[in-house]
Amino acid sequence: MQIENFKIFADLVETKSFSKAAKLNGITQSAVSQQARSMERNFKTLMIDRSQKQFNLTREGQRIYDAAKEILHVYEKLESELQEMKKVISGTIRLSTIYSIGLHELPLYIKKFLHDFPSVNVRVEYRRSNLVYEDILHNSVDFGLVAFPQKLRQIEMIPFRNDRLVLITHPNHPLAKVAEVDMKTLAGHRFIGFDPDIPTRKAVDQIFRDYKLEITPVMEFDNIETVKRAVEIDHGIAIVPGATVQQEIRQGTLVAIPFKGKEFSRPLAILHRKGRVLTPAMRKFIETLSVEITEPKQV
């Protein structure tokens, strides 16, 4: 019995999917099934209840899963301690992040991290917010980065930074000429929003409710880049994170306007599964993200 057997079985239990467990371990779905049956023969007991359509463990299977998690935890802890003893900072860090953070907030941090620790690989996947949480819970990735983080029992949340929400318009739009915009003046303008299930959209909708504004977007998109493109061709105005429009502001294709009397912020957070053993490389990555890094001003 090898450590890989326990990992594949744990991944199978946590994802409840032979195909997802196969993808996580870079093997075929058939190989996952064969591994499970091999473990059942080894322990001389059924681990998976195959009489039901949904994935369920037998009582013995649950006990083997609990033991597998303990074994994996001890193994990962040993690996981490040995790396610390050798003062080795290496390995691969897998990230799952929403588009706006991955494209606009993260690059400077990854650049610094790879400069400081060239023996570490960083792999980034761009996902919708709900899938980032799923990736963390299924151990598909080491860290997730999201906006407006949700508190979940199985997930550790580390504050990353706060981004300011701003109004963006086309340079020729009437609101582009004001230094600050009163929230109530938005009612008479075409508004472009994110899809309803995106956390930033939910936050903007709450702001509108607080100000007793009834604003229905004329367009809805699932990512920041499409929202910006729609505003650039003057199809409407939008409320977006300020960090995501710096390039367009410099190029003069968009105007960003702060809100009068109040600042609205978008909290960002780093997520990892509770109880996970953090390797030296993972801890150094968190340390890098905890330091404020700003893009150098272009002249």
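For the stretch 185-221, the set of residues classified as more than 24 Å from Ile233 (Cβ to Cβ) and of a type in the set (S, T, N, Q) consists of Gln206 only. Can you name the residue in the stretch 125-176 that is small (Gly, Ala, Ser) and in the same structural domain as Gly102 (by TED's automatic domain parsing) and is also surrounded by the most Cβ atoms within 10 Å (Cβ to Cβ) among such residues? The residue in question is Gly144.
The strands (runs of 3 or more DSSP E) located wholly in the stretch 82-199 that include 2 or more residues which are touching a Pro at 6+ places or on another chain (Cβ under 9 Å) occupy 143-147, 155-169, 192-194. Take the conditions (1) crowded, with 18+ Cβ neighbours inside 10 Å; (2) outside the structural domain of Lys44 (by TED's automatic domain parsing); (3) part of a helix (DSSP H, G or I); Ala68 misses just one of them, which is (2). With respect to the conditions (1) in contact with a helix residue (DSSP H, G or I) (Cβ under 8 Å, 6 or more places away or on another chain); (2) part of a helix (DSSP H, G or I); (3) more than 22 Å from Gly275 (Cβ to Cβ), Leu46 falls short on a single one, namely (2). Once the stretch 196-250 is narrowed to residues that are buried (at least 19 other Cβ atoms within 10 Å of the Cβ) and of a type in the set (S, T, N, Q), the residue that is farthest from Leu175 (Cα to Cα) is Thr200. Counting only strands (runs of 3 or more DSSP E) that fall entirely inside the stretch 202-292 and contain at least 2 residues that are in contact (Cβ under 8 Å) with a residue 40 or more places away in the chain and under 30 Å from Ser119 (Cβ atoms), the qualifying elements are 265-273. Is it the case that the stretch 92-104 has a residue that's over 30 Å from Asn162 (Cβ atoms), touching a residue at least 40 places away in the same chain (Cβ under 8 Å) and surrounded by 17 or more Cβ atoms within 10 Å (Cβ to Cβ)? No, there is no match, as no residue in the stretch 92-104 is over 30 Å from Asn162 (Cβ atoms), touching a residue at least 40 places away in the same chain (Cβ under 8 Å) and surrounded by 17 or more Cβ atoms within 10 Å (Cβ to Cβ).
The values are calculated or read from the model by the stated rules, or taken from the named source; none is laboratory data. Predicted model only: the values in this text are computed from it and were never measured. When we count neighbours, we look across all protein chains shown, and the Cβ atoms used for this are built from the backbone with ideal geometry, even at glycine.
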